[in-house]
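This report concerns only the one structure given below.
The values are calculated or read from the model by the stated rules, or taken from the named source; none is laboratory data. The structure displayed is predicted, hence computed values, not measured ones. Glycine also receives a Cβ, built like all others from the backbone with ideal geometry; neighbour counts cover every protein chain displayed. Keep in mind that these areas ignore ligands, DNA and RNA; they rest on the heavy atoms of the full protein, side chains included. Shrake-Rupley method; radii C 1.70, N 1.55, O 1.52, S 1.80 Å.
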Amino acid sequence: MRNISVWCVALLCASVAAVAAQQAEPARRSAAKVPAFTAAQADRGKQAYADNCTGCHLAGLDGSANPTANAKGTPLTGPRFVQDYGESKISALFNKMQRDMPNGKAGSLTEQQYLDIVSYVLQQNKYPAGPNELTVDAATDIWIPGAGGAEGLANYTYVSGIGCLQQDPTRSWMLIKAQELKKADATAGATPVAFSDGPGEYTFRLLNAYNYSADPQNGHKVRVSGYLVRLGAEIRVFVQQLQTVNASCGN
Amino acid sequence: MSYKLSRRQMIEAVGGGLGVVGMAGMWSDVFGAEARPPGLGHYAGPALPVKAKHVIMLYLNGGPSQIDMFDPKPALFKYAGQRPSSVDLRTERTTGGLLPSPFEFKRYGRNGVEVSELLPQLASVIDEVTVIRSMYTFNPTHTPGRALFHTGSVLATRPSMGSWVSYGLGTENQNLPAFVALGAPPPSGQQTRSGFLPSEYQGVGFGVADPDPEKIIPNLRNKILDPASQRADLDALLAMNQSHEKAFGQDQYLDGRIKSMETAYRMQFEAMDLFDIRKEPQKIRDEYGPTAFGTGCLLARRLVEAGVRYVNVEYPGGQTWDDHSNINDNLRKRCPDMDQAAGALIRDLKRRGKLDETLVVWGGEFGRTPVSESGNGRDHNPYGFTMFVAGGGFKGGIAYGATEELGFRAEQNRVSMHDLHATLLHQLGMDHTKLTYRYAGRDFRLTDVAGEIVKDILA
């Protein structure tokens with residue numbers, strides 16, 4: 001009898017875990033390192049790096065992490081690189097270089113040389129080369145994944161969702177019975193993301209909803225658009241649009 | 001203003017503890033509650049209306065993150081991960097792109113002040129709180145920043161605000177130090193230093209890791225000599241010291257030591273009961289929480305009620321709020337007990353009718369950057385951050401000033417540390433330009449040569 005109980009509990013746990021994994025799955029699609037530069041650009045960057053950066057950051061880019069070299073430059077590869085620039089856009093690295101580097105001669109290289117060096121640094125961090133050169137505009141659009149690589153919809157992706165708007169006892173606004181969040185276009189006038197009619201099974205906490213007339217829409221079926229926010233395992237939405245789809249939300 | 005204690009003053013001060021307290025009562029009867037009895041403090045400037053008599057400074061060492069607690073910045077989401085030129089400010093360490101706060105803000109109180117989900121208890125008393133979102137300093141490093149916060153100067157030699165306040169106003173209770181600092185470990189350095197002020201105005205540090213008063217004040221009770229014998233010893237010592245001064249001239253450090261010994265002697269009769277927060281009803285202790293910061297806040301309330309002029313309560317653990325990495329996890333672990341104790345303190349003071357005469361100040365030496373460090377932390381930010389003041393004639397229920405769109409720099413109604421110090425002294429009835437001490441050939445002030453009273457936040 002005891003064995004049966006144990007098996008039942010184990011089965012229940014497995015079921016709960018499976019449901020949890022299923023619920024978490026939509027947020028775990030790969031958003032790996034994306035091609036942001038060409039191989040030729042990285043080759044140019046290698047030369048520019050050798051001419052301007054190796055004195056402090058070393059040829060292996062390990063800088064002060066190299067125990068034998070007594071180098072002063074911050075490591076530009078390995079965990080420290082991810083720590084410093086993970087979950088940032090490439091422009092953060094580019095701007096830092098252009099503003100402060102080379103040490104003592106800040107801003108002395110051309111914009112193209114800085115972009116080439118950034119490309120080389122990314123290549124040395126196992127980023128794949130692609131068909132397009134890295135430009136200043138592209139650098140502001142492309143993310144450097146965080147530790148372990150960001151998975152699923154990246155943090156701060158603009159998303160849309162549909163579900164029932166409800167205020168919980170602590171006055172937090174929640175989107176309940178919500179369908180899976182989908183990546184959306186933040187541009188004004190963009191075609192709205194399509195959703196099916198039925199209720200979903202997700203719940204999301206909505207940040208900033210009070211700035212979008214949430215009170216009169218309490219209990220309505222609503223379409224929400226905004227930025228996806230991760231806090232631990234929880235996914236939230238920082239609201240930028242909140243519109244009633246239907247004044248009732250079924251049961 | 002110079003400090004010189006005559007022999008007569010010395011005898012009055014050290015010999016007449018209860019007498020002086022009695023005199024304070026007499027002056028109060030003669031001049032009314034707003035008047036300050038002369039002789040208890042050294043402030044000699046114009047007598048401003050006294051709006052507050054005590055200060056409780058809640059110090060979050062390390063630099064708490066305003067962006068995650070009091071200063072919501074929706075635009076950070078739009079520019080997440082980017083580094084526009086407007087935020088390309090020099091920081092202490094390497095920083096990356098803009099990092100939005102993942103925490104929920106809601107509007108609270110009669111004016112809808114936005115407060116983060118991390119601080120539900122402080123949010124519940126927001127109508128008593130003046131949130132200043134436009135604080136700024138000029139130093140991004142802890143030690144000088146801490147010095148500026150507590151002493152008004154980045155130099156490591158200046159007196160702390162508690163010393164200035166107790167020097168200016170004296171104490172309301174001769175059986176206790178005028179200036180107390182609570183923490184775990186006991187605060188020291190910039191948080192208690194009297195600098196060039198007489199050493200009797202130095203803050204007395206107590207550890208509050210354990211609420212047992214025998215552990216907070218070890219060895220206070222003399223287990224060998226009874227009070228009369230101790231009194232005889234101290235009188236003999238006083239006579240010898242006076243003889244020494246007669247021969248060699250007055251020495252303010254010796255005077256300070258004598259007064260400290262006298263205070264310690266008198267503390268035996270009051271402090272053990274006062275420091276025993278276990279005498280509070282369990283309901284009250286639960287409200288503050290069973291933590292060192294809870295003990296510190298509850299003890300601070302008891303101390304100001306007993307007449308201590310200035311209590312600094314440091315959040316335990318040293319430079320705890322210095323979240324260079326893992327800031328979201330760290331704040332979720334650390335905010336609840338801070339929030340509970342700070343919220344309970346304001347609520348409790350209000351309930352007991354003491355908030356009107358007590359300034360509760362909250363903050364750190366700077367805030368934190370809107371750009372990320374280590375991908376999931378924030379670097380030091382002296383350009384713009386938040387502090388708050390409750391009670392003591394501040395308006396309450398308002399958020400004053402603002403940082404720019406991305407939260408890096410104070411932009412509207414900027415408030416410097418000197419401005420805040422000047423405003424706090426003003427509420428204590430002192431003109432900050434007149435609370436001076438002559439040292440090394442010139443007059444010094446807590447506010448150096450700066451400081452404007454921020455009248456818009458006063459009731």
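Test residue A:96 against the criterion of being within 14 Å of chain B (Cβ to nearest Cβ) and assigned to a helix (DSSP H, G or I), and give yes or no. Give the derivation first.
Details: within 14 Å of chain B (Cβ to nearest Cβ): yes; assigned to a helix (DSSP H, G or I): yes.
Answer is yes for this residue.
Which of the residues spanning the range A:183-214 are open to solvent by 90 Å² or more (accessible area, probe 1.4 Å) and in contact (Cβ under 8 Å) with a residue 40 or more places away in the chain?
Hits for the range A:183-214 are A:199, A:201.
Which of (1) over 30 Å from residue B:141 (Cβ atoms); (2) at pLDDT 90 or above is the odd one out, the single condition residue B:65 does not satisfy?
(1)
Output the number of the condition that residue A:173 fails; it satisfies all remaining conditions of (1) within 10 Å of chain B (Cβ to nearest Cβ); (2) surrounded by fewer than 19 Cβ atoms within 10 Å (Cβ to Cβ); (3) under 24 Å from the mean Cα position of the chain (by Cα).
Tallying (1) within 10 Å of chain B (Cβ to nearest Cβ); (2) surrounded by fewer than 19 Cβ atoms within 10 Å (Cβ to Cβ); (3) under 24 Å from the mean Cα position of the chain (by Cα), residue A:173 fails exactly one: (2).
Of all residues in the range B:332-342, which are under 28 Å from residue A:86 (Cβ atoms) and surrounded by 22 or more Cβ atoms within 10 Å (Cβ to Cβ)?
Within the range B:332-342, just B:335 meets the criteria.
Restricting to the range B:197-219, what's the tally of residues that are in a helix (DSSP H, G or I), touching a residue at least 60 places away in the same chain (Cβ under 8 Å) and open to solvent by 40 Å² or more (accessible area, probe 1.4 Å)?
Number of matching residues: 1.
Just to be sure, is residue B:326 within 19 Å of residue B:101 (Cα to Cα) and surrounded by 18 or more Cβ atoms within 10 Å (Cβ to Cβ)? Lay out the reasoning, then the answer.
Working: within 19 Å of residue B:101 (Cα to Cα): yes; surrounded by 18 or more Cβ atoms within 10 Å (Cβ to Cβ): no.
So residue B:326 fails the test.
Which condition does residue B:110 not pass, out of (1) assigned to a loop (DSSP other than H, G, I, E, B); (2) among the basic types (Lys, Arg); (3) within 20 Å of the chain's Cα centre (by Cα), if it passes all the others?
(3)
Any residue at all in the range B:144-158 that's within 24 Å of residue B:358 (Cβ to Cβ) and surrounded by fewer than 23 Cβ atoms within 10 Å (Cβ to Cβ)?
No, the range B:144-158 has no match at all.
Residues in the range A:100-110 that are open to solvent by 70 Å² or more (accessible area, probe 1.4 Å) and within 14 Å of chain B (Cβ to nearest Cβ): how many?
Total satisfying the criteria: 1.
Among (1) surrounded by 24 or more Cβ atoms within 10 Å (Cβ to Cβ); (2) over 17 Å from residue B:137 (Cβ atoms); (3) at pLDDT 95 or above, which single condition is residue B:382 missing?
(2)
Yes/no matrix, rows are residues, columns are (1) under 25 Å from residue B:308 (Cα atoms); (2) away from chain A (no Cβ under 14 Å); (3) part of a helix (DSSP H, G or I):
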site: B:115; (1), (2), (3): no, no, no
site: B:138; (1), (2), (3): no, yes, no
site: B:155; (1), (2), (3): no, yes, no
site: B:158; (1), (2), (3): yes, yes, no
site: B:163; (1), (2), (3): yes, yes, yes
site: B:173; (1), (2), (3): yes, yes, no
site: B:180; (1), (2), (3): yes, yes, no
site: B:187; (1), (2), (3): yes, yes, no
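Quick check on residue A:206: is it in contact with a strand residue (DSSP E or B) (Cβ under 7 Å, 6 or more places away or on another chain) and under 23 Å from residue A:171 (Cβ atoms)? Break it down stepwise before answering.
Working: in contact with a strand residue (DSSP E or B) (Cβ under 7 Å, 6 or more places away or on another chain): yes; under 23 Å from residue A:171 (Cβ atoms): yes.
When the stated conditions are applied, residue A:206 passes them.
Residue B:411 - would you say it is surrounded by fewer than 24 Cβ atoms within 10 Å (Cβ to Cβ) and part of a strand (DSSP E or B)? Explain how you work it out, then say what you get.
On the way: surrounded by fewer than 24 Cβ atoms within 10 Å (Cβ to Cβ): yes; part of a strand (DSSP E or B): yes.
It is true that residue B:411 is surrounded by fewer than 24 Cβ atoms within 10 Å (Cβ to Cβ) and part of a strand (DSSP E or B).
Please specify each residue of the range B:78-95 satisfying the condition of being open to solvent by 10 Å² or more (accessible area, probe 1.4 Å), at the interface with chain A (Cβ under 9 Å from one of its Cβ atoms) and either under 17 Å from residue A:228 (Cβ atoms) or not in a loop (DSSP other than H, G, I, E, B) (or both).
Answer for the range B:78-95, where residues must be open to solvent by 10 Å² or more (accessible area, probe 1.4 Å), at the interface with chain A (Cβ under 9 Å from one of its Cβ atoms) and either under 17 Å from residue A:228 (Cβ atoms) or not in a loop (DSSP other than H, G, I, E, B) (or both): B:78, B:82, B:85.
Regarding residue B:98, is this residue closer than 25 Å to residue B:138 by Cα and either in contact with a Leu (Cβ under 8 Å, 6 or more places away or on another chain) or more than 9 Å from chain A (Cβ to nearest Cβ) (or both)? Step through it out loud before you land on a result.
Values: closer than 25 Å to residue B:138 by Cα: yes; either in contact with a Leu (Cβ under 8 Å, 6 or more places away or on another chain) or more than 9 Å from chain A (Cβ to nearest Cβ) (or both): yes.
So residue B:98 passes the test.
Working only within the range A:32-73, note down all residues that are closer than 19 Å to residue A:102 by Cα, open to solvent by 40 Å² or more (accessible area, probe 1.4 Å) and part of a loop (DSSP other than H, G, I, E, B).
The answer is A:59, A:60, A:62, A:69, A:70, A:72.
Looking at the range A:189-210, which of its residues are within 14 Å of residue A:243 (Cβ to Cβ) and within 14 Å of chain B (Cβ to nearest Cβ)?
Residues satisfying the conditions are A:206, A:209.
Out of B:309, B:368, report the one residue that is more than 14 Å from chain A (Cβ to nearest Cβ), crowded, with 24+ Cβ neighbours inside 10 Å and within 30 Å of residue B:100 (Cα to Cα). If you could, list the steps in order and put the result at the bottom.
On the way: B:309 fails: within 30 Å of residue B:100 (Cα to Cα).
None of the others qualify; the one that does is B:368.
Can you tell me how many residues within the range A:168-204 are under 30 Å from residue B:120 (Cβ atoms) and among the basic types (Lys, Arg)? Break it down into steps so the answer makes sense when it comes.
Residues of the range A:168-204 that are under 30 Å from residue B:120 (Cβ atoms), as a first pass: A:168-178, A:181, A:200-204.
After this cut, where a residue has to be among the basic types (Lys, Arg) as well, the list is A:171, A:177.
Total meeting the criteria: 2.
Identify, please: which residue in the range A:73-93 is at the interface with chain B (Cβ under 7 Å from one of its Cβ atoms) and at pLDDT 80 or above and is, among those, nearest to the chain's Cα centre (by Cα)?
It comes out as A:89.
Of the residues in the range B:220-267, how many are surrounded by fewer than 14 Cβ atoms within 10 Å (Cβ to Cβ) and among the aliphatic types (A, V, I, L, M)?
The total comes to 8.
I need the full set of residues from the range A:224-239 which are facing chain B (nearest Cβ under 8 Å), in contact (Cβ under 8 Å) with a residue 24 or more places away in the chain and open to solvent by less than 60 Å² (accessible area, probe 1.4 Å), in order please.
A:226, A:227, A:229, A:236, A:238
Looking at A:96, A:126, which one is among the charged types (D, E, K, R) and touching a residue at least 12 places away in the same chain (Cβ under 8 Å)?
Exactly one of A:96, A:126 is among the charged types (D, E, K, R) and touching a residue at least 12 places away in the same chain (Cβ under 8 Å), namely A:126.
Considering each of B:286, B:276 in turn, give the residue that is open to solvent by 20 Å² or more (accessible area, probe 1.4 Å) and farther than 24 Å from residue B:194 by Cα.
Values: B:276 fails: open to solvent by 20 Å² or more (accessible area, probe 1.4 Å).
It is B:286.
Please count how many residues of the range B:179-196 are open to solvent by 30 Å² or more (accessible area, probe 1.4 Å) and in contact (Cβ under 8 Å) with a residue 60 or more places away in the chain.
Summing the residues that are open to solvent by 30 Å² or more (accessible area, probe 1.4 Å) and in contact (Cβ under 8 Å) with a residue 60 or more places away in the chain in the range B:179-196 gives 1.
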